[in-house]
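Data block below; observations after.
Just so it is clear, none of the values below were taken in a lab; they were calculated from the coordinates. Source: prediction; values computed, not measured. Every residue, glycine among them, receives a Cβ derived from its backbone with ideal geometry; neighbour counts consider all protein chains shown.
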């Protein structure tokens with residue numbers, strides 16, 4: 001009898017453990033399922049034989065950038081993945097480049113893992129802000145240095161090209177191989193200069209060369225570029241890469257808009273002192289199908305448009321290039337924005353959520369990065385330096401709201417088709433998509449601020465019974481102008497404390513909004529997308 005009882009208890013214990021494990025696996029699989037898979041392909045038939053040979057080389061370089069970003073974001077990728085037996089957990093780790101949920105406030109999702117370091121792996125994890133500020137070094141704020149401790153515990157810097165010596169030397173060799181194959185003179189020059197830049201951390205000349213490229217059918221964005229991963233200071237650039245195929249027909253439709261930048265800058269809704277800089281006139285707009293993502297841009301929420309270079313010197317002399325990633329953009333619109341529209345937008349305005357408006361809003365977001373000021377008006381240095389860890393989120397907020405301002409102005413001039421309400425309603429629906437990126441994302445935080453500001457300004461109405469939102473056209477336009485002025489002023493003044501206050505007061509998700517975001521999640525609407533990509537997918 002005693003043995004029977006023990007056997008029953010043992011069986012019950014095993015069953016309970018098994019059930020708990022299944023529940024854990026199920027929960028992890030649910031996290032994986034929040035991302036919708038999308039295959040990255042493009043028509044390559046118009047490319048020459050040499051151009052088709054270049055693509056696998058560029059993808060190999062991109063994979064090297066991916067390896068470097070793993071080291072910046074987490075550390076030892078292999079050790080982490082090899083420690084896991086659950087396939088769903090491995091998959092989710094790969095999506096997030098580590099054990100922290102990037103679209104879930106960077107919360108750890110593996111047992112025994114602590115909070116994600118604000119400075120990722122760019123700084124010693126025990127380093128305080130005060131210690132960094134007291135550290136005497138000419139290049140400690142450089143985009144391209146890691147901060148480390150010596151054997152005596154003292155801080156020192158190490159340049160990227162030394163820290164990642166093996167990786168960048170191989171990437172440099174591959175870029176030269178690709179350059180030798182290309183028939184486009186401008187693209188060849190860029191690839192050769194980028195090859196050298198990876199070995200020196202001096203990207204200025206290659207950025208200038210990238211700006212000069214006009215006729216290349218293949219494009220390649222590669223290197224340490226964006227600052228989002230460094231949430232301690234926003235100083236350090238993260239490695240990433242995109243391989244892109246130009247869509248010539250869509251690009252021709254966009255070409256004219258860059259010429260309006262000086263006029264739009266002059267008419268910004270802010271005092272004259274905050275718009276004295278002249279945006280470069282060499283800017284251009286093009287549409288692409290992206291065929292490979294790697295590194296920073298592939299982590300968590302996926303980038304669907306690019307505005308580069310970030311170097312203020314290049315922006316003031318030549319402007320920037322804006323790349324619209326049309327196939328990835330269409331995937332997010334179909335799989336995420338349309339279902340959100342059906343759930344959260346008032347039935348009378350659902351017809352106003354269109355792909356053309358989504359494309360335009362996204363495109364002009366990137367164009368709007370070139371408006372306003374890059375340098376503070378009171379001697380505090382660049383806006384990026386003055387606002388530190390707040391700079392990226394406020395810059396994204398500026399680009400969002402000024403992008404809509406640009407749409408409004410160009411629509412008045414007859415340069416953009418469709419109803420203005422299409423752009424406004426699609427913009428509102430887009431807030432619900434992007435706010436799901438969470439407070440640890442620059443884009444997510446920017447959308448929280450905008451939602452709360454627009455709510456305060458009565459820019460939309462809310463039907464609590466139906467849980468739907470409706471644009472109030474006149475108030476929406478007024479809120480757009482007043483928020484534009486507020487952000488441009490904060491940037492121009494380099495007002496670190498003022499931006500911090502804005503984030504504290506408005507960079508939060510209220511109970512009402514959270515309830516509706518929960519409805520979006522419960523409806524099974526994906527949070528973002530992941531890619532099936534590579535040489536095999538392309539048939540090369």
For this session: Starting with the highest mean, order 521-529, 147-155, 503-511 by the number of other Cβ atoms within 10 Å, averaged over the residues of each peptide.
Result: 521-529, 503-511, 147-155
Problem set entry | Computed [θ] at 222 nm, deg cm²/dmol, the chain (DSSP H ≥ 4; -39,500 (n - 2.57); rounded to nearest 500) | -16000 deg cm²/dmol
Problem set entry | At 0.890 mPa s and 25 °C, Stokes diffusion of the range 229-308 via Kirkwood alpha-carbon radius, µm² per second | 157
Problem set entry | Likely footprinting exposure, 70, 210, fewest C-beta neighbours within 10 Å first | 70, 210
Problem set entry | the range 49-94 versus the range 473-540: alpha-carbon centroid distance in Å | 28
Exercise. Quick one: if the Förster radius is 56 Å, what FRET efficiency do residue 170 and residue 463 give, using the C-beta to C-beta distance and rounding to 0.05?
Worked result: 0.45
Exercise. Ranked from highest to lowest mean number of other Cβ atoms within 10 Å per residue, what is the order of the peptides 326-335, 445-454?
Worked result: 445-454, 326-335
For this session: Output the antiparallel fraction of DSSP beta bridges having both residues in the chain, as a percent to the nearest 5.
Result: 75
Problem set entry | P(r) of the range 413-512 over all Cα-Cα pairs, binned every 10 Å from zero, in whole percent | 14, 43, 34, 9, 0
Problem set entry | Segment residue 162-residue 204, length gained on full extension (0.36 nm per residue, minus Cα span) | 13.2 nm
Problem set entry | Shape call, the range 38-146: gyration tensor on alpha carbons, a/c limit 1.5 | oblate
For this session: Give the Debye-formula value of log10 I(q)/I(0) at each listed q (0.10, 0.17 Å⁻¹), with one equal scatterer per alpha carbon of the range 85-233, two decimals each.
Result: -0.51, -1.07
For this session: Could you please state, rounded to a whole Å, how far the C-alpha centre of the range 431-461 is from the C-alpha centre of the range 99-126?
Result: 24
For this session: Considering Cα pairs under 8 angstrom that are at least six residues apart, work out the relative contact order of the chain and quote it in whole percent.
Result: 17
Seminar exercise, completed: Cα extents of the range 319-477 along the principal axes, largest first, in whole Å, come to 50, 34, 31
Exercise. With the radius of gyration and the Kirkwood radius both derived from the Cα set of the range 344-393, what is their ratio Rg to Rh?
Worked result: 1.24
For this session: Using packing as a proxy for protection, rank 237-245, 489-497 so that the peptide with the highest average count of other Cβ atoms within 10 Å comes first.
Result: 237-245, 489-497
Exercise. When the Cα atoms of the chain are enclosed in a convex hull and the volume is divided per residue, what value in Å³ results?
Worked result: 178
